[in-house]
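Undergrad: Would you mind keeping the following structure in view while I ask a few things?
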Amino acid sequence: MATPKFAEIKQYILARIESGEWEEHTRVPSENQLAEQFECSRMTARRGLTELVESGVLERTQGLGTFVAELKSQSSMMAIRNIADEIKDRGHGYSVKQLELTSIEAIAPIAIALGLEAGSQVYYSVLVHCEDGVPLQLEERFVNPKLVPEYLAQDFTTQTPHEYLSQVAPLTEARHTLEAVVANQHNQQALSIEATEPCLQILRRTWSRQGVVSFAKLIHPGSRFRLGGHLTF
């Protein structure tokens, strides 16, 4: 199956950024230039650029063009920490239940989140992180096997996915989406909560210098989780 032109354009741009050829703030080719180079429509070229803008790889400046974006630093409120360390820092006991660790075929939204083609094989893990034996977070994670080929060989009862990924694919950027959700029946059972319990869901994509490493869904029971931080102005 031939790679779509917009995906070729994305791969072309990402390859030059990852190699260091195009550094932060480098202006990338215009829609017209990419359309000519890849022998496609301007709309197709625009789609490739737009998807990279939406994922934070590129940024547009009105009247000037499209540029390689700066790596984003994490805010204190959404700092990426290892959940095991968070629990231990509170003086409580940490434990984990590993429910899934396998390879699956990625449906379109997951493939897009990881920068892969729909139907690609991705690594998939599901864990329940507990504080003093009580479920605190359900972690459902999809991992890019091209960047983390040994993921399925790990024992996540001895180290968290966050710890492992930080070692083999050091984090350079992350993006978050937060929303209130009602957990489905399967997740209610995993978290030991009632059907009426509101939950906070964090969708998190993480990047290394080589590209998108993982896409995670983190679900927390509302009665057991608090989000906070300290901001200095």
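Residue-wise test of (1) surrounded by fewer than 18 Cβ atoms within 10 Å (Cβ to Cβ); (2) of a type outside the set (S, T, Y).
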| site | (1), (2) |
| --- | --- |
| A2 | yes, yes |
| F6 | no, yes |
| I9 | no, yes |
| Y12 | yes, no |
| E18 | yes, yes |
| E21 | yes, yes |
| H25 | yes, yes |
| S30 | yes, no |
| F38 | yes, yes |
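Undergrad: Applying the selection to region 81-121, what residues are surrounded by 15 or more Cβ atoms within 10 Å (Cβ to Cβ), of a type in the set (V, I, T) and outside any strand (DSSP E or B)?
TA: I83, I87, I110, I112 - these are the residues of region 81-121 that are surrounded by 15 or more Cβ atoms within 10 Å (Cβ to Cβ), of a type in the set (V, I, T) and outside any strand (DSSP E or B).
Undergrad: I'd like the full set of residues that are open to solvent by 10 Å² or more (accessible area, probe 1.4 Å) and without any contact (Cβ under 8 Å) to a residue 60 or more places away in the chain, limited to region 127-143.
TA: D132, G133
Undergrad: Moving on. Identify the residue in region 144-175 that is part of a strand (DSSP E or B) and open to solvent by less than 50 Å² (accessible area, probe 1.4 Å) and, among all such residues, is nearest to A106 (Cα to Cα).
TA: If we take residues in region 144-175 being part of a strand (DSSP E or B) and open to solvent by less than 50 Å² (accessible area, probe 1.4 Å), then A174 is nearest to A106 (Cα to Cα).
Undergrad: Just checking, does region 183-197 include any residue being within 18 Å of the chain's Cα centre (by Cα) and open to solvent by less than 40 Å² (accessible area, probe 1.4 Å)?
TA: no
Undergrad: Next question. Out of (1) in contact (Cβ under 8 Å) with a residue 60 or more places away in the chain; (2) in a helix (DSSP H, G or I), the odd one out for A45 is which?
TA: With respect to (1) in contact (Cβ under 8 Å) with a residue 60 or more places away in the chain; (2) in a helix (DSSP H, G or I), A45 is out only on (1).
Undergrad: Out of the residues in region 62-80 that are touching a strand residue (DSSP E or B) at 6+ places or on another chain (Cβ under 9 Å) and open to solvent by less than 50 Å² (accessible area, probe 1.4 Å), which is modelled with the lowest pLDDT?
TA: Within region 62-80, the match that is modelled with the lowest pLDDT is M78.
Undergrad: Continuing with this model, one more query. Report yes if E140 is under 16 Å from the mean Cα position of the chain (by Cα) and either at pLDDT below 95 or closer than 15 Å to I202 by Cβ (or both), otherwise no.
TA: yes
The values are calculated or read from the model by the stated rules, or taken from the named source; none is laboratory data. Predicted, not measured: the structure shown is a model, and the values here were computed from it. Note that each Cβ is placed from the backbone with ideal geometry, even for glycine, and that neighbours are counted across all protein chains shown. Protein only, heavy atoms only, side chains kept; ligands, DNA and RNA dropped before computing areas. Shrake-Rupley method; radii C 1.70, N 1.55, O 1.52, S 1.80 Å.
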